[in-house]
1. Tally the residues that are surrounded by 22 or more Cβ atoms within 10 Å (Cβ to Cβ), within 13 Å of the chain's Cα centre (by Cα) and farther than 11 Å from Asp39 by Cβ, restricting the search to region 210-243.
2. Would you mind stating whether Glu168 is surrounded by fewer than 17 Cβ atoms within 10 Å (Cβ to Cβ) and of a type in the set (D, E, K, R)?
3. Could you check region 216-232 and list, in sequence order, the residues that are farther than 17 Å from Leu28 by Cβ and of a type outside the set (Gly, Ala, Ser)?
4. Go through region 201-242 and report how many residues are assigned to a strand (DSSP E or B) and hydroxyl-bearing (Ser, Thr, Tyr).
5. Is it true that some residue in region 156-166 is touching a Leu at 6+ places or on another chain (Cβ under 9 Å) and of a type in the set (Gly, Ala, Ser)?
6. Restricting the search to region 132-145, which residues are in a loop (DSSP other than H, G, I, E, B) and open to solvent by 40 Å² or more (accessible area, probe 1.4 Å)?
7. Within region 154-209, track down each residue that is more than 30 Å from Arg140 (Cα to Cα) and of a type in the set (Lys, Arg).
8. Can you tell me how many residues in region 175-200 are of a type outside the set (Phe, Trp, Tyr), part of a strand (DSSP E or B) and either in contact with an Asp or Glu (Cβ under 7 Å, 6 or more places away or on another chain) or open to solvent by 60 Å² or more (accessible area, probe 1.4 Å) (or both)?
Amino acid sequence: MTDERLARFGSGRSLYLADQLDRHGICLEQRNGETVLLDPLGTRVGIKPTVQALVGGLVMLIGLGMLGQAITGTRPGWTGLLLRGLFFVLGPIALLGGIGIIRRMILQLQATRRAEPAELRVSPYPLHPGDWVTVTFSRRFKTPSGSNPGKVSAMAFGLDVQKDTTDETSTYRASPFWIENLPDKDLPSGLMQVEHTWQFCLPPDAVPTIEEKTGYGRHWVAWGVDVRIEIKGFLSSESAFFFRVEP
């Protein structure tokens with residue numbers, strides 16, 4: 001997993017997808033004989049600007065407070081040194097985390113203002129291990145995309161998700177166990193719509209889709225396609241689509 005596109009599909013993106021899977025599941029509709037997968041977060045669903053801004057700001061303040069303590073702390077002895085070292089490590093992490101929360105909220109609002117919800121047509125459906133899959137991504141813009149060219153990239157993935165509900169707050173553990181990088185597509189300027197088709201083959205030993213209760217929460221084996229659009233100065237967004245793999 002050294003490809004630069006996999007860097008964004010690290011623990012943060014995996015947990016984000018786990019939360020989306022838990023909240024929305026597999027979203028699809030049958031349209032003119034085709035199976036169309038929907039991105040529920042392409043609308044304002046899940047976007048709470050006030051809450052996200054407050055949480056991001058609070059996390060940033062905590063990070064700044066830790067850095068302040070690390071720089072000005074005067075507590076004597078080894079305990080003081082250990083705390084300063086800990087704050088030097090955790091402070092920047094919290095600060096970057098807060099910035100990330102606010103940035104994601106801004107990008108989500110930007111995407112809903114400038115583009116319609118994304119869709120992914122998939123054939124055949126449902127899917128089975130070893131199937132060749134054809135997917136066509138499409139997203140309409142509300143205004144022309146401007147003078148800058150862009151790029152659309154995608155990854156097909158298999159994701160293992162564990163949800164732990166033993167504590168008051170639910171926690172997720174999520175990691176991809178299979179990834180297929182799909183070829184990037186360069187986009188010209190002035191577009192009103194992005195549409196592109198990819199093909200890939202599911203592993204012949206692909207584990208079927210699973211959603212089950214466990215002693216501590218829930219367990220999923222999920223399959224999907226993660227698509228990213230990057231158009232400088234106009235749109236930066238990611239859309240995730242989950243599909244079912246049957247035995």
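1. 1
2. Taking the combined requirement at face value, the residue satisfies it.
3. Hits for region 216-232 are Tyr216, Arg218, His219, Val221, Arg228, Ile229, Glu230, Ile231, Lys232.
4. 3
5. Checking region 156-166: at least one residue is touching a Leu at 6+ places or on another chain (Cβ under 9 Å) and of a type in the set (Gly, Ala, Ser).
6. Those that are in a loop (DSSP other than H, G, I, E, B) and open to solvent by 40 Å² or more (accessible area, probe 1.4 Å): Lys142, Thr143, Pro144.
7. Across region 154-209, the qualifying residues are Lys163, Arg173.
8. The qualifying residues number 10.
The values are calculated or read from the model by the stated rules, or taken from the named source; none is laboratory data. Treat the numbers as computed from the prediction; the structure is a model and nothing was measured. No Cβ is skipped: glycine too gets one built from the backbone with ideal geometry, and neighbour counts run over all protein chains shown. These area figures cover heavy atoms from the full protein model, side chains too; ligands, DNA and RNA do not enter into them. Shrake-Rupley method; radii C 1.70, N 1.55, O 1.52, S 1.80 Å.
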